[in-house]
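The block underneath contains the structure these notes are about, expressed in structure tokens.
The values are calculated or read from the model by the stated rules, or taken from the named source; none is laboratory data. Remember, predicted model here, so these are calculated numbers, not experimental data. Here the Cβ positions follow ideal geometry from the backbone for every residue, glycine too, while neighbour counts run over all protein chains shown.
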């Protein structure tokens, strides 16, 4: 009688993993320090817990138990150390998590096509600051860069002020210029990549991970805005201990969760001057004896960044 092959016994010892993709009510979980990647769903007791945010999100560290057919059950979601989030559609109280547990954020804006919206970048930066997520700025498509009569490239004219407070990476996914510097900056971290549609996030991923073959679509010539190529956050491995999370293209990002009186603390350029104003509740807009206003007048604080602060502080929009 011939031997009958039996499948290897499943190791049902719970193990820790990270959620790398979401598929509706199912989540792809990559074993930390191992090779297993399983499709998992939350156990029933977790589903009954009411929360004002996502029960499970991409980037979550979870405890899972392997089941049959390469599936698993999420037993526990470990506490999140940080989140990048926004209000869920149609709600101001429920938060949609874009990514859980990022070590840093890379906000990408193109120098041209589409034209950059600096106030939107400022809102990204404020939200990262409010979550204590270190932020970098990526200026893409520098192969389209043009210089003015003074010889200053548009990229430096538009984003040079940010270099005082943030690491700014200028790159072109098409030519490869600056891509290696970004790769180095992402080593040993989970980096969330965000920005408006059409700025080249997928193209950057393809340049960093050539085998990824992410779908890249052209910017709509009719609207000047990008077509969405990513529908939900997804984590990719770019090296040992180095992960990058692609996020859906976001054309707008509302300010939320940051009280107006705390906004000044989330502008690094303003922080050295805080706590020294004549008025304890100084808004740094028109109050006398305000070191922030003095620093703006002296050029120590970039005027456009200050005007961005005032616009957000007063609820102005553009």
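Please verify whether residue 72 is buried (at least 23 other Cβ atoms within 10 Å of the Cβ), in contact with a strand residue (DSSP E or B) (Cβ under 6 Å, 6 or more places away or on another chain) and assigned to a helix (DSSP H, G or I), treating the condition exactly as stated. Quick ask: steps written out before the conclusion?
Values: buried (at least 23 other Cβ atoms within 10 Å of the Cβ): yes; in contact with a strand residue (DSSP E or B) (Cβ under 6 Å, 6 or more places away or on another chain): yes; assigned to a helix (DSSP H, G or I): no.
Taking the combined requirement at face value, the residue does not satisfy it.
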| field | Where residue 172 falls short, out of the listed (1) assigned to a loop (DSSP other than H, G, I, E, B); (2) at pLDDT 95 or above; (3) surrounded by 22 or more Cβ atoms within 10 Å (Cβ to Cβ) | value | (3)
| Within the stretch 112-122, how many residues are within 19 Å of residue 205 (Cβ to Cβ) and either touching a strand residue (DSSP E or B) at 6+ places or on another chain (Cβ under 9 Å) or buried (at least 18 other Cβ atoms within 10 Å of the Cβ) (or both)? | 1
| note | Within the stretch 123-144, restricting to residues that are in contact with a helix residue (DSSP H, G or I) (Cβ under 6 Å, 6 or more places away or on another chain) and modelled with pLDDT under 95, the one that is surrounded by the fewest Cβ atoms within 10 Å (Cβ to Cβ) is 130
| request: Tell me which of these residue 102 doesn't satisfy, since it passes every other one: (1) surrounded by fewer than 20 Cβ atoms within 10 Å (Cβ to Cβ); (2) at pLDDT 90 or above; (3) part of a loop (DSSP other than H, G, I, E, B). | output: (1)
